[in-house]
Amino acid sequence: MNFDTRKEMDMESMQMSRVFTLIEPGPVVLVTTNDGRKDNVMTISWTMVLDFTAEFAITTGPWNYSYTALQESRECVISIPTVDLIDTVVGVGTCSGADTDKFTKFKLTRLKAKHVRAPIIKECLANIECRVVDIVTQYNIVVLKAVAAYFDSTREEKKTLHAVGDGTFIVDGRKIDRKEMMQAKLPSGI
């Protein structure tokens with residue numbers, strides 16, 4: 001490669017503390033917990049799917065009121081809100097369950113889950129009952145395994161929110177179908 005002919009880069013440098021905004025995952029979720037006395041809900045924007053399984057990871061730690069409930073109960077519900085709930089999602093994420101009943105304040109309807117004590121949120125598009133598999137304290141990661149999942153196909157709004165990480169959000173757009181193309185490339189059994 002002849003470096004003398006390389007074009008000058010015309011991209012702006014970014015602060016390292018903001019790099020995560022380039023690959024922030026999604027969707028934003030609400031995570032419900034029950035500590036044996038009361039229900040709580042927190043907003044989580046850092047989630048990931050583990051492999052092709054019903055296992056997930058969320059990032060949270062001792063700074064969140066629900067973290068102790070996650071540690072002790074070893075269970076929760078991941079609730080997936082849609083764009084029409086953006087103000088609720090932000091509101092839930094900007095107050096503490098230590099001194100606020102977020103279900104009452106944000107008018108969220110609790111439904112009884114089948115396998116965990118934490119409630120399902122009726123207003124959400126989907127809910128996933130989970131058990132805690134591991135807590136990786138070095139990275140503030142909670143690994144979860146789904147034990148049941150529910151999807152409300154009657155909901156009119158189905159677009160989910162994706163946090164950029166700086167107070168802005170991206171909303172799901174149109175779907176592009178490449179299932180046939182991908183099926184030809186996936187290993188059998190998946």
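The residues of the range 121-163 that are under 27 Å from Gly173 (Cβ atoms) and either without any contact (Cβ under 8 Å) to a residue 24 or more places away in the chain or β-branched (Val, Ile, Thr) (or both), listed by number, are Ile121, Lys122, Ile128, Ser153, Thr154, Glu156, Thr160.
Run down Ile176, Ile170, Ile141 and say which single residue is more than 17 Å from the chain's Cα centre (by Cα) and more than 27 Å from Lys112 (Cβ to Cβ).
The conditions single out Ile176.
Confirm whether Arg131 is over 19 Å from Met48 (Cα atoms), of a type in the set (D, E, K, R) and out of contact with any helix residue (DSSP H, G or I) (no Cβ under 6 Å at 6 or more places or on another chain). Judged against the criteria, Arg131 is not a match.
State whether one or more residues within the range 113-122 are of a type in the set (Gly, Ala, Ser), touching a Cys at 6+ places or on another chain (Cβ under 8 Å) and assigned to a loop (DSSP other than H, G, I, E, B).
Taking the range 113-122 and keeping what is of a type in the set (Gly, Ala, Ser), we get 113, 118.
From the residues that got through so far, the ones that are touching a Cys at 6+ places or on another chain (Cβ under 8 Å) too are 118.
If we keep only those that are assigned to a loop (DSSP other than H, G, I, E, B) as well, we get 118.
Yes, because at least one residue in the range 113-122 is of a type in the set (Gly, Ala, Ser), touching a Cys at 6+ places or on another chain (Cβ under 8 Å) and assigned to a loop (DSSP other than H, G, I, E, B).
Checked against (1) surrounded by 15 or more Cβ atoms within 10 Å (Cβ to Cβ); (2) outside any helix (DSSP H, G or I); (3) over 16 Å from the mean Cα position of the chain (by Cα), Gly36 passes all but condition (1).
A count restricted to the range 46-89 and to residues that are in a strand (DSSP E or B), in contact (Cβ under 8 Å) with a residue 40 or more places away in the chain and not charged (D, E, K, R) stands at 10. Take the residues of the range 12-33 that are hydroxyl-bearing (Ser, Thr, Tyr) and in contact (Cβ under 8 Å) with a residue 12 or more places away in the chain: which is surrounded by the fewest Cβ atoms within 10 Å (Cβ to Cβ)? By that ranking, first place goes to Thr21.
Within the range 27-62, being on the phi > 0 side of the Ramachandran plot and of a type outside the set (Asp, Glu) holds for one residue alone: Gly36. Please determine whether any residue of the range 121-131 is exposed (fewer than 13 other Cβ atoms within 10 Å of the Cβ) and more than 14 Å from the chain's Cα centre (by Cα). Yes, that holds for at least one residue. Of all the numbered requirements in (1) in contact with a helix residue (DSSP H, G or I) (Cβ under 8 Å, 6 or more places away or on another chain); (2) modelled with pLDDT under 95, Gly97 misses one, and that requirement is (2).
The values are calculated or read from the model by the stated rules, or taken from the named source; none is laboratory data. All of these numbers come straight from a predicted model, not from anything done at the bench. Because the Cβ atoms are built from the backbone with ideal geometry, glycine has one as well, and the counts that use them run over all protein chains shown.
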